Every structure is written in C-alpha cells, then in structure tokens.
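The values are calculated or read from the model by the stated rules, or taken from the named source; none is laboratory data. The structure presented is a predicted model; accordingly, all values stated were derived computationally and were not measured. Reconstructed Cβ throughout: ideal geometry from the backbone, glycine too, with neighbour counts over all protein chains shown. Quick note on the areas: whole protein, heavy atoms, side chains included, nothing else; ligands and nucleic acids left out. Shrake-Rupley method; radii C 1.70, N 1.55, O 1.52, S 1.80 Å.
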Amino acid sequence: MTTSRTRLPPPAKVDQLLRRLAITVRPARASKRIVPGVRHRITARNWPGLPTAAAWLRAVLTRTSQLRAVPTWTRQLRLAWPGVGLAAVSQRAIFWRTAGPRAADGLRFGGLTRPVVRLPRAALTRLAGHRIRVPAVSPAAAAAALAWIVAGVALFVCYLHVARTAPVTSDGASNVLQAWDMLHGNPLLRGWQLSDVSFYTTELPQYATIEKLRGLSPDVVHIASAMTYTVLVLLAAMAAKGQATGREALFRCLLAAGIMLAPQVGNGVYVLLGSPDHVGSTVPVLATIIAVDRAPRRWYVPVCTGLLLTWSLIGDGIVFFTGIAPVVLVSLARTYQIRFRLGTAWRKTCYELALAGTALLAIWLAARALRLIGARGGFVLWPLSHSLASASDLPRYLTVTGRGLLLLFGANFFGHSAGFVAALAAAHLVGLGLAAWGTCAAFRRFGQADLAVQLLAAGVAVTLAAYLFGTRADDLLSTRDMTAVLPFGAALAGRLLAGRLARARLLPALAAVLAGYLFSFGRVVSQPPAASQDVPLASWLAAHHLDYGLAGYWDANVTTLDTAGRIQLRSVLAEGGQVTGDYWEVRSDWYDPKLHDATFIVLVPSPPGFRRYPTIASVRDTFGQPARIYYQGSFTILVWNKNLLASLGHGSPLPAGTPVITPPATPIPAPPGG
C-alpha cells in the first residue's frame, strides 16, 4: 500500500491554519506502508501530507460543536472511536491502530464532512456522536506540578515563621482594619483617609479572605506576607524558566529561587515580609510578564495586560515604575527596531503598539477608577510626591540605594561584627553579583533578547532610577520602594546565566554557595517570634476599664488590632501647641464626639525625625489638666473625666517641601539587626 493522497485546500487557508496552529512544515523523505492491526507513526519526514492533514484534522475537531472543545495549543490530541483503538494527532506525527476493514475517506461530524486527507482503508472511521477522550497527563507534567505545589507549601511554612520574627506595626494594622471594614459591609471604605498607597486591589482582598477564615488578629499580616513572598519566589522561578525544559529548566528555577531564598534577619525580613509595602504589588506585574512571555501574539494579550496593569495600579502607584513604564518603553523600542531597523511593514508592529497603548490606557483607567470610588463616598487617597532629588542629596541617596540593594539580597554586612554572621551576609554578594550580571547581559543584547527579558531588564532600570532620583531614599527601611529589583534580577540571572554557568562547570561552586544560603535560611527560620510591644499597654488599659482613647500613630491602630477591637486607640498629631486628629490611615467617624467617648491619651517619647507626635505640653494646652496620670513602662497615660473628642481639631498634611518625616517613611519601632 502506498502513501496516502492529500486533497489540498486553498493555499491561503493552509497558510492561515499553519500560522495559527504553529505547525512546522518539514520536507518529505520516504513513504511508509500501512499495515492493518499495527500501530503506525507517520511523521512529516515520511509523509508529505502530514502538515495539511494535522492542521485540518485539529481544526475540524476543535471547531465541532458536537464534540468537547480541545485547545489547539496542546502538543498531542488523543482520540478514541469504534474501529480504531487509539489515535493521536500532533504537529509532528499521526498515530493510529487499525482494528477492522471499515474505512472512511474523510472525517464526518453530523452534517459536516470534510475530505481532509485520504488515508488507507481501515485507518479512520466515522466519528459522529462519539466523545473525545481528554488527553492524559504525562508523568513528567504531573511530577512537575507536584514539585511546584510541594515547594510552595514548604516555602510558605518556612516564610510564616520568618514573618513572625518581625513585629506588626500600625502600617500593617491599618490595612488589617481596612480589610475588616470591607468584610463587614463597607467595600468602598467610606470615610477612610488612606496613605499614598491604597492596596485596595492587591493586599486588602487577601487580608479580607484571611480574616474570613482566621478572624481579626495580628497574625493576618504574617500569613499574608508569607503567602505573598512565597508566590513571588515561585513567579521569579517561572519567569527564569521561560520555555526551557529538562535539567536546564530545573537549574534556572533553582538559581532564581536560591537568590531570593533567605531574607536577612532584622531589617531584611521587615522590608520583604513585614507590613504591605510594594512587595505584593510586584506579584501581578511579574505575572503579567510571564503571561506575555508564554502567550501567543494575539489581540487579547495586550488587552489582558492592560487590564491587569490597571488592576495593580489602582492598588499601588509604584506599578507605574515597575510595570507600566517598562512595558511602554520596551514596546516602543521593539516597534522602532521592527519598523525602521529591520524595514518591515507597520502591520508587523501592531502587537507592540497594542501593548504600549493598553499600558498607557491603564494609567487613565486607574485614575478614573479612583475618582469614581471617591465620588461615591469611598476612600480618600493622598497623592504621591513627584519631587525630584536635589543635586546635594544625590550622594546620600546613592549610598542609601547601594546599602538597600545589599539589604534586599541579604548581603548587608555593614554594622555586624567580623565573624560567622558577617561571613554569611557576605556570601549573599554572590546572588547580588549574579543578578547584576544577568541585568547587564540583558542590556548588552537587548535588541536580540526576547520580550520577557527586555521587560525584566527595563523594570530593574526604571525602578532603580525612580528610587535614586526621587525623594524616598531617606533611610534603609525605604528600600521597600525598590523591592521589585530583587525578583526581576533573580529571574534575569536564572534565565540568562544558568546555561553559561553549567557550561563553565561552576555547578559545584554554586552548590557550596547554595548551602550557605540554606544555612542562612535556617538561621532566620529558627528565630523566635517577635512579641508585640503594645500588649502590656493593652492589658493595663483593659484592667483599668479604659477602652477608647487617643495615641500617637505607632501605638494607635496596632493596639486596636492586638486586642481585636476591644481596646480602641485613635491616632492624633500635634499642630503647634494643639492636638488634632490624624489624616493618615484613619476613619473620619472615629473622631466624632457624638459616636465615641475618648477619655484618655497615651503618650510616648517622640520617634526620631517625627516632630508631630503629641507631647504633654500640647495635650495640656488642648484638653486642660488631666484628672489622673499613670506610668506604665515607657507609656504615659493621661485620663480626663470628659470626652476629649469635643476639643480635638482636624488634622491636615504639612505643606509641600516641609522637612519632616511622615509616619510611613520611618516605621517605629524598627526591628533590630540588619
């Protein structure tokens, strides 16, 4: 029996199907004889009609309403029907096992008949009314999925212990209270005055979900932080993997995850696994990059990219620097290269222009969404500062940026005594060096790099530039504004350097470095949980039946969270010689004397750099002489026999350019170490 004959459809239709189904046409080399009752494999090398047959067969199967739809991007489609034991159609081969003399010259589905390809008799039979069997999952794919799940669970358990070593501050407590309010009938956060970051579409839904399961407690912050960082590590590993398979894919993933594995004890844990501060906002950006990398060049990819960036930008304005600006810059650069350097037609740049357009549209959509929320009585968001650094501040900002990079990669050995701990921190310089090498390699071959590499490299550059030339690089804890550099750099290192390092036979050296990382990880996991510094205060207040009062920012919401709302402290500021309500992370009705009766205020020494903390002098000028004064550790509690809210003024931000640190810039108390 000779090779089968092929009835060709119109050439334009064939080309369209081949492009859509990504079928590679290979030259024929030999014929193959068909023997009934034997399992056969026909490839493009021995059958000229395979590409057309596979294209039409897959198209008919996936377009027929009488059968379950099967994605056209599956590598192999398995079928079963009477007369044929098992058959499969893929872009490389066709398999079947003949079982009888009956045959069909074409594929028939009810009233739809297409003489796609004339195969030997008994090769195919009628398929009408029969179901397609779901493709079986290969053992390798199942093992890979199981490995990702096991790694995620193990990392989450470890990072939960790590997160608990950092105390919860009023920043995280404010977000927990906001999520609790959303969970109990206030989805728009009516009456809330937030900071310059809302986290409305990122961490707050996550917090609300955890609170639904666990209730109101400080551990909500720890659980959410562990979940977020675990997902971030896994996404960085996926971005590093790209389209690689086998050992190279494993090496890429291990290299990227290893660089991010062990946050540094103290400030490193606080920045990466503390209160919500831009780490969670990197998750949707990195997911967008992975989706763009793996999805086909179809019209819906830019649309989904724009929607995801819009969603992220509503929650955190820093997405403009980590996601939107890189997408726009890279898309325009690729458009210029395709159109002008390669001299191709404009229609070849539609995909890149669509990406840039939807990313720019995301800015308008996010701003429009925030305005709609405010117009319907929702939360008020303070605008971000757009000031640039002065020339005199650049040297200091450059130093802070350098130390911040060391902190992010766990290599901040400054301030430690020379010894084993400092040596462990210094070993993390390898991770920082690999990330820097990968970023430089991406820019060196930027024109030849794939889209994901370009987006990651641009994200690193834009984020660092925005941090360095802005006005946020005040101290080491402000490193949270450039946390995206860590996963982006780790992904670039794994994606671009894994093959080079393997070919250079450096795997034993990297294994030794990984052992040091694992030891550091074990050290930070074994740290004892941090106790809240406001628990003694809350216990004392409960014992004295003081349940509603005033306090400074760093003792207000966190005490409310520690007691699950049984003791409620509201944040206040000092405006000159008067005490006023706060304007940052508060709800306006907290200060309504018709709803609440505040009879005491808790004072502590003013945190460094924050001059608007209430003092005894400002408190006496505003409320008069207290009836009783108590001292509990570092806290001073002043009690009156009247409602203090009736004498409380309204707080407002300081004028622009005032050299006073606002609460979110310097969390107090800062965790030790780092």
Report summary line: Of the candidates TRP382, TRP299, the one satisfying the condition of being free of Cβ contacts under 8 Å to residues at least 60 places away in the same chain and of a type in the set (Phe, Trp, Tyr) is TRP299
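Conditions tested, residue by residue: (1) farther than 30 Å from GLY242 by Cα; (2) surrounded by fewer than 23 Cβ atoms within 10 Å (Cβ to Cβ).
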site: ARG396; (1), (2): yes, yes
site: LEU405; (1), (2): no, yes
site: PHE409; (1), (2): no, no
site: PHE413; (1), (2): yes, yes
site: ALA422; (1), (2): yes, yes
site: GLY433; (1), (2): no, yes
site: ARG445; (1), (2): no, yes
site: LEU456; (1), (2): no, no
site: VAL460; (1), (2): no, no
Query raised in the report: Residue check: is LEU188 open to solvent by 10 Å² or more (accessible area, probe 1.4 Å), in contact with a Gly (Cβ under 6 Å, 6 or more places away or on another chain), within 26 Å of PHE379 (Cβ to Cβ) and not polar (S, T, N, Q)?
Result: yes
Query raised in the report: Restricting the first residue to the stretch 558-585 and requiring it to be at positive phi, which pairs with a second residue that is surrounded by fewer than 24 Cβ atoms within 10 Å (Cβ to Cβ) and of a type in the set (A, V, I, L, M) meet a Cβ separation below 7 Å and a spacing of at least six or different chains?
Result: ALA564/LEU216; GLY565/LEU216; GLU585/LEU194
Query raised in the report: Conditions: (1) under 22 Å from ARG612 (Cβ atoms); (2) open to solvent by 10 Å² or more (accessible area, probe 1.4 Å); (3) touching a Ser or Thr at 6+ places or on another chain (Cβ under 6 Å). SER588 meets all but one. Number of the miss?
Result: (3)
**Report entry** Every residue from the stretch 494-509 that is of a type outside the set (Gly, Ala, Ser) and not in a helix (DSSP H, G or I)
**Finding:** ARG505, LEU506
Query raised in the report: From the list ALA141, ALA151, ALA166, ALA136, which residue is at pLDDT 50 or above and under 30 Å from SER532 (Cα atoms)?
Result: ALA166
Report summary line: Picked from the stretch 196-221 (must be touching a Phe, Trp or Tyr at 6+ places or on another chain (Cβ under 7 Å) and open to solvent by less than 10 Å² (accessible area, probe 1.4 Å)), the residue farthest from ALA166 (Cα to Cα) is SER198
Query - TRP364, sole failed condition from (1) open to solvent by 50 Å² or more (accessible area, probe 1.4 Å); (2) under 27 Å from LEU194 (Cβ atoms); (3) not in a helix (DSSP H, G or I) - result: (3)
Query raised in the report: Out of all the residues in the stretch 527-552, which are under 22 Å from ALA163 (Cβ atoms) and in contact (Cβ under 8 Å) with a residue 60 or more places away in the chain?
Result: GLN527, PRO528, PRO529, ALA530, ALA531, SER532, GLN533
Report summary line: Being farther than 29 Å from TYR517 by Cβ, of a type outside the set (S, T, N, Q) and modelled with pLDDT of 90 or more narrows ALA208, ALA287 down to just ALA208
Requested in this report: Answer yes or no: is there a residue in the stretch 483-505 that is surrounded by fewer than 22 Cβ atoms within 10 Å (Cβ to Cβ), farther than 15 Å from ARG252 by Cβ and more than 20 Å from the chain's Cα centre (by Cα).
Outcome: yes
Requested in this report: Assess whether GLN193 counts as being in contact (Cβ under 8 Å) with a residue 24 or more places away in the chain, over 18 Å from the mean Cα position of the chain (by Cα) and either surrounded by 17 or more Cβ atoms within 10 Å (Cβ to Cβ) or more than 28 Å from ASN267 (Cβ to Cβ) (or both).
Outcome: yes
Query raised in the report: Given the residues LEU235, LEU261, which is the only one that is touching a helix residue (DSSP H, G or I) at 6+ places or on another chain (Cβ under 8 Å), at pLDDT 95 or above and open to solvent by 10 Å² or more (accessible area, probe 1.4 Å)?
Result: LEU235
Query raised in the report: Which of the strands (runs of 3 or more DSSP E) contained wholly in the stretch 522-636 include at least 3 residues that are under 35 Å from the mean Cα position of the chain (by Cα)?
Result: 568-575
Query raised in the report: Among ARG628, ARG620, which is the only one that is farther than 18 Å from THR580 by Cβ, open to solvent by 80 Å² or more (accessible area, probe 1.4 Å) and modelled with pLDDT of 85 or more?
Result: ARG628
Query raised in the report: Quick one: what pairs do we get from the stretch 396-413, first residue of a type in the set (Lys, Arg), second in a loop (DSSP other than H, G, I, E, B), C-beta under 7 Å, 6+ apart or different chains?
Result: ARG403/ASN412; ARG403/PHE414
Requested in this report: Among the residues of the stretch 367-385, count how many are small (Gly, Ala, Ser) and crowded, with 16+ Cβ neighbours inside 10 Å.
Outcome: 2
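Yes/no per residue for (1) over 20 Å from the mean Cα position of the chain (by Cα); (2) on the phi > 0 side of the Ramachandran plot:
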position	(1), (2)
GLY172	no, no
MET182	yes, no
PHE199	no, yes
TYR207	no, no
LEU213	yes, no
THR245	yes, no
ALA257	no, no
GLY268	no, no
Query - Selection status of ARG334, more than 26 Å from VAL197 (Cβ to Cβ), open to solvent by 10 Å² or more (accessible area, probe 1.4 Å) and assigned to a helix (DSSP H, G or I) - result: yes
